[in-house]
Structure formats: structure tokens, C-alpha cells
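Report on the following structure.
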């Protein structure tokens, strides 16, 4: 695939050392605190509220474009989804969800390099974006970088210790790399 290892290290380092104190607002701060000790029944409610907040661009037009892009992605039309997400990124370059959605579309299209770049931008704009970090972990594992994937999953764990499938992913990768990292 020819991806530069330094680039991968940069992305993993950026997310591992991203400051968790960069709060978007008081509600998000409280929601992230809630994720730390949430009962299983409350986790999905907290996640859903975080996703709702992250999906608000501040512009009804951009929110509509995000909805159309997500609908295209859900329908399996990655080409249309990428076009919509690209338009969203072009018109709202500080809106992390545009980059995160486009990263998902690129991933589904098998375009890992472009997905990694959009994940990097998502995390630059929103260092606590645990779904972008999860996507990074999946790509790194797919690219045969289990140690870096484990580091990414551990960064997710610090933000959202109850994320579905997280524990199994960490255990699988710990076995793969032969022990603990970080």
C-alpha cells in the first residue's frame, strides 16, 4: 500500500496525546464524564447525544448536506457519499463530522490513505472523536500494524471505556503483539 510509517506514527501519537480537556461545551464535558462510569443501559443514550451534538454544524444547509451524505453512505453509494462529504468539507472546513463521514466513505471504498488523512483532520478538529479513533484502529489493523492499532484502541478506551467491542479488540491485539504497549 506504500503508506508512510511516519504518517501513521504521527496520527497515532496525535490521538494518544490529544488533550482531553478541549471541551466543546459544558454538556459534552458532562457526557464524556458520564461515559466513564455509565451503566450499560445509559451508554447508548449518552453516545446518541454526543453524536447529535457533533452532527450540528450550525448551518441548516450543511446539516442537510450531512444527512444526504450519510444517507448515500447507508445506501452503499460511496461515490455519491464522497461527493456530498467533499462538498460539506469545502463549505464547512471546520466541521469535523464532514471529514469523519468522508473518512468512513473512503474506508468503505478501500481508499485507506485518503481515509487516514480525513481521520487526521477529524482528530485535529475534535481530539475526543472516539469513532474516528476507532476507524483509525481498524485501518491500522487492516494495514498490518497491530501495535499501532492497539495504541489507537487504548486511546478510545480512555474516552469511552464501554464502547461496544472495545474490550475484545484490545484483547485480540494484545495477543497479536505479545503483550502490553504504552
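All but one of (1) under 11 Å from the mean Cα position of the chain (by Cα); (2) surrounded by 20 or more Cβ atoms within 10 Å (Cβ to Cβ) hold for residue 88; state the number of the condition that does not hold.
The one condition residue 88 does not meet is (1).
Could you check region 6-38 and list, in sequence order, the residues that are exposed (fewer than 10 other Cβ atoms within 10 Å of the Cβ) and either over 26 Å from residue 140 (Cβ atoms) or at pLDDT 50 or above (or both)?
Across region 6-38, the qualifying residues are 25, 26, 37.
Based on this model, can you work out whether residue 64 counts as surrounded by 15 or more Cβ atoms within 10 Å (Cβ to Cβ) and either farther than 29 Å from residue 38 by Cα or in contact with a helix residue (DSSP H, G or I) (Cβ under 6 Å, 6 or more places away or on another chain) (or both)?
no
When residue 42 is evaluated against the numbered criteria (1) at pLDDT 95 or above; (2) at negative phi, which criterion, by number, is the only one it fails?
Failed condition: (1).
Tally up the residues in region 38-57 that are over 20 Å from the mean Cα position of the chain (by Cα) and either under 14 Å from residue 159 (Cβ atoms) or in contact (Cβ under 8 Å) with a residue 24 or more places away in the chain (or both), please.
Residues meeting the conditions: 2.
The values are calculated or read from the model by the stated rules, or taken from the named source; none is laboratory data. A quick note: this is a predicted structure, and the numbers were derived from the prediction, not measured. Cβ sites come from the backbone with ideal geometry, for glycine too, and all protein chains shown count toward neighbours.
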